[in-house]
1. Mind listing just one residue for me: the one in segment 18-44 that is under 12 Å from Tyr82 (Cβ atoms), polar (S, T, N, Q) and out of contact with any Cys (no Cβ under 6 Å at 6 or more places or on another chain) and, of those, surrounded by the most Cβ atoms within 10 Å (Cβ to Cβ)?
2. Restricting attention to segment 63-73, does a residue exist that is at negative phi, among the small types (Gly, Ala, Ser), in contact (Cβ under 8 Å) with a residue 12 or more places away in the chain and in contact with an Asp or Glu (Cβ under 6 Å, 6 or more places away or on another chain)?
3. Scan segment 118-154 residue by residue and report those that are closer than 27 Å to Arg61 by Cβ, free of Cβ contacts under 8 Å to residues at least 40 places away in the same chain and over 15 Å from the mean Cα position of the chain (by Cα).
4. Provide a single number: the residues in segment 45-72 that are surrounded by fewer than 18 Cβ atoms within 10 Å (Cβ to Cβ), of a type in the set (S, T, N, Q) and farther than 18 Å from Asp122 by Cα.
5. Among the candidates Pro93, Pro128, which residue alone is more than 28 Å from Leu211 (Cα to Cα) and either in contact with an Asp or Glu (Cβ under 8 Å, 6 or more places away or on another chain) or at pLDDT 95 or above (or both)?
6. Pick from Arg182, Arg188, Arg214: which is surrounded by fewer than 21 Cβ atoms within 10 Å (Cβ to Cβ), at pLDDT 80 or above and under 23 Å from Phe107 (Cβ atoms)?
Amino acid sequence: MAAKISIVNVDASTAHQTYSVSFFNDEVHTTVTSDAGTVTKWINQIDHPNLLTAGLGIHFRHPDDLTGTTIELCVGGRCLIYQLDLIVVDHHPEALLNFLHYEGYTFVGVGIFPDVKRLNDDHAIYIPEKNLLDLRQLTVYNYCGPRDLREYKFHQTGLRELAEVVLEKEVEDLAPESVMLRRWDFRRLTSEQVRHACVKAFVSFEIGRVLNAREYNYRSLRS
């Protein structure tokens, strides 16, 4: 099934912007902000109970400046894009730090371990490794048996290819140059940047949901 993705700007204020991003039949309510109160509200409004899985993404200022500047979180049909370079205080919201530290959650993405380390180095935002899960590892576990030649392929693949295998959805290029070469530390991101960041985090969440990421991580930690 070919990609069907669109974005609509819903609201804008001095504290945040909100968008509705359509991904096939799903609507993802997306909040872009550097405001601590908005971040805290977003976290407090996460539905409970839920699958205890969150899609995770990180973007850097520019290909020539690999300083983390945004962190994207997606739980269900809600996505947060937190703009780290624009905060006006010298600390991050306690609700965010507690959420990222909470061992009950599993944060999923592709190639996220080095990005998370850099995030901690740049902004003192720490996510314990035991809370992280690379979706390539999860896909291998679910799709590959002993001596399965696809294992090497999955370990080398990207989010787009995983979405086609797991979600059976053909997703367009998730890292086009027109988006990745832009600066990500501007106060107002373009709609294309918001759409890109939201879809990556949402697709990560959906793959984690379908493959039961939390259960896999829980069993791995106990073994």
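1. So in segment 18-44, the residues under 12 Å from Tyr82 (Cβ atoms) come out as 30-36, 38-40, 42-43.
With the extra rule that they be polar (S, T, N, Q), the set shrinks to 30-31, 33-34, 38, 40.
Subsequent filtering for residues that are out of contact with any Cys (no Cβ under 6 Å at 6 or more places or on another chain) retains 31, 33-34, 38, 40.
Working: Thr31: 25, Thr33: 21, Ser34: 19, Thr38: 19, Thr40: 15.
Ranking the qualifying residues of segment 18-44, first place goes to Thr31.
2. Kept after step one, since they are at negative phi, are these residues of segment 63-73: 63-73.
If we keep only those that are among the small types (Gly, Ala, Ser) too, we end up with 68.
Filter once more, keeping what is in contact (Cβ under 8 Å) with a residue 12 or more places away in the chain: 68.
If we keep only those that are in contact with an Asp or Glu (Cβ under 6 Å, 6 or more places away or on another chain) too, we end up with 68.
Among the residues of segment 63-73, at least one is at negative phi, among the small types (Gly, Ala, Ser), in contact (Cβ under 8 Å) with a residue 12 or more places away in the chain and in contact with an Asp or Glu (Cβ under 6 Å, 6 or more places away or on another chain), which makes the answer yes.
3. Asn120, Asp121, Ala124, Tyr126, Pro128, Glu129
4. Count: 2.
5. Numbers: Pro128 fails: more than 28 Å from Leu211 (Cα to Cα).
On inspection, the qualifying residue turns out to be Pro93.
6. Working: Arg182 fails: under 23 Å from Phe107 (Cβ atoms); Arg188 fails: under 23 Å from Phe107 (Cβ atoms).
It is Arg214.
For (1) more than 21 Å from Ser22 (Cα to Cα); (2) in contact with a His (Cβ under 8 Å, 6 or more places away or on another chain); (3) surrounded by 14 or more Cβ atoms within 10 Å (Cβ to Cβ), each residue gets a yes or a no:
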{"residue": "Ala124", "(1), (2), (3)": "yes, yes, no"}
{"residue": "Ile127", "(1), (2), (3)": "yes, yes, yes"}
{"residue": "Leu138", "(1), (2), (3)": "yes, no, yes"}
{"residue": "Gly145", "(1), (2), (3)": "yes, no, no"}
{"residue": "Lys153", "(1), (2), (3)": "yes, no, yes"}
{"residue": "Gln156", "(1), (2), (3)": "yes, no, no"}
{"residue": "Leu159", "(1), (2), (3)": "no, no, yes"}
{"residue": "Val165", "(1), (2), (3)": "no, no, yes"}
{"residue": "Lys169", "(1), (2), (3)": "no, no, yes"}
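The values are calculated or read from the model by the stated rules, or taken from the named source; none is laboratory data. Everything quoted here is computed from the prediction, not taken from an experiment. A quick note on method: Cβ atoms are made from the backbone with ideal geometry, for glycine too, and the neighbour counts reach across all protein chains shown.
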